[in-house]
1. Looking at region 281-309, which of its residues are assigned to a loop (DSSP other than H, G, I, E, B) and either surrounded by 15 or more Cβ atoms within 10 Å (Cβ to Cβ) or β-branched (Val, Ile, Thr) (or both)?
2. From (1) within 17 Å of Arg337 (Cβ to Cβ); (2) buried (at least 16 other Cβ atoms within 10 Å of the Cβ); (3) not charged (D, E, K, R), pick out the condition that doesn't hold for Tyr83.
3. Could you list, in sequence order, all residues of region 148-159 that are without any contact (Cβ under 8 Å) to a residue 24 or more places away in the chain and either touching a strand residue (DSSP E or B) at 6+ places or on another chain (Cβ under 6 Å) or within 16 Å of Asp181 (Cβ to Cβ) (or both)?
4. Could you tell me which of the residues Glu177, Glu167 is surrounded by fewer than 17 Cβ atoms within 10 Å (Cβ to Cβ) and farther than 30 Å from Ile312 by Cα?
5. For region 26-66, what are the residues that are farther than 15 Å from Gln344 by Cβ, of a type in the set (Gly, Ala, Ser) and under 22 Å from the mean Cα position of the chain (by Cα)?
6. Looking at region 29-38, is at least one residue under 20 Å from Met308 (Cβ atoms) and not in a helix (DSSP H, G or I)?
7. For a quick check of your reading of the model, give me the residue pairs whose first member lies in region 37-48 and is hydroxyl-bearing (Ser, Thr, Tyr), whose second is assigned to a loop (DSSP other than H, G, I, E, B) and crowded, with 17+ Cβ neighbours inside 10 Å, with beta-carbon atoms closer than 9 Å and at least 6 apart or on different chains.
8. Answer yes or no as to whether Ala171 is at pLDDT 95 or above and either among the small types (Gly, Ala, Ser) or assigned to a helix (DSSP H, G or I) (or both).
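The values are calculated or read from the model by the stated rules, or taken from the named source; none is laboratory data. Computed from a predicted structure; not experimentally measured. Here the Cβ is made from the backbone with ideal geometry for all residues, glycine too, and neighbour counts use every protein chain on show.
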Amino acid sequence: MGSTGYDYGNARLRAMKSRLLTRHELAELAESSSMEGLITALANTTYRQAVQAALVRMSGIACVAEALKLDLVDTLGRIHSFYSGRESDLVAIALPSYDSDNLKTILRGLSRKATPSEISRALLPVGELTDAILAELVHASDTRTAIDLLASMGLSIAHPLLILRAERPGADTPEMELALDRWCFQETRRRIRKSPISTGLISAALDLETDIANLLTVMRFAHDPAEHQMLRKWLSVDDIRCLFLGPGRLSFELLAHAGDQNTPEAAVETLKHTPYEPPLQAGLEAYMQSGRLSDFERQLDRFRLRWMAPLIGKDPLGIGVVLGYRALKINEVVNIRRIAHGLQLRLQPEAIKMDLEYA
């Protein structure tokens, strides 16, 4: 079998995968007697340098959060450096760019008059928006000034916000967030189509992410039919399709029909015979006990993880290794966050362990 432009990078990623925390190691972290004990334990893992850097400025759960942030930013940056040429372009698509998330966080924070330091703590500088750019944005006086600053830099992510401003002067922050989400999907799809190398797998991954985002919107409306009234008040329309991204694999018609149902049970029934029936059914079972919409999100996140992780073996010479490692790394970070929050809530180790996810 011939070599590909992924060979070197994929070999590095397989080595990095072998250093991810095992189930046993995560269980040991969950048995930490205190937050300080967790920090000490993390300092004896691959998170050592990130923990040491975080300890200079923070303590407690804030230290854990900062260490995870520093490590993830470093990891994603290193992965980018493993690839070059045409493959590098696809890797940039496969890896999460937090530009949109960071910008939404900044716009939300500015609209709420949050301080620059409060906003900065929630940012992940991975993508086109560098640390320096983000620092300028968080110090903007308001959302309009932040958007003008982006535009003055010639950054493409400003385009959807400028278009929205022209079409709907005075648009609120949720409208800006929706405009950004739609633009990100369209821009990613455009980059995939433009690529001269095989993109089937990464296109399928984008469809998955899009479907999950739309399904969460559907379940929110089915959980609380009053959302339709809010939609009419907000955008002067009564069609949930204006909130959807994509489409991915699921058509807007099917999703809209599900979103028009008055209960989550009816919405899940509408979505039977789709690839998402199993996680939606599992989410519904948990929801019936708790009444929490987050149960659907948890099951869809699990579905994503178990779809992505096996790609390392299924596509060993292609982009699948990047997609699979990304999913495993982000899941590890989420698991450590859950452990930290469990310790903060003084949960028993067994309860914390039960809350962890594995591929």
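1. Step one: list which residues in region 281-309 are assigned to a loop (DSSP other than H, G, I, E, B), which gives 291-293, 309.
Within region 281-309, Leu293, Ala309 qualify.
2. For Tyr83, the exception is condition (1).
3. Across region 148-159, the qualifying residue is only Ala158.
4. On the way: Glu177 fails: surrounded by fewer than 17 Cβ atoms within 10 Å (Cβ to Cβ).
None of the others qualify; the one that does is Glu167.
5. Ala50
6. Here is the first cut: in region 29-38, the ones under 20 Å from Met308 (Cβ atoms) are none.
No, because not a single residue in region 29-38 is under 20 Å from Met308 (Cβ atoms) and not in a helix (DSSP H, G or I).
7. Note: pairs meeting the criteria are Thr40/Ser32; Thr45/Leu21; Thr46/Leu21; Tyr47/Leu21.
8. Values: at pLDDT 95 or above: no; either among the small types (Gly, Ala, Ser) or assigned to a helix (DSSP H, G or I) (or both): yes.
In short, no.
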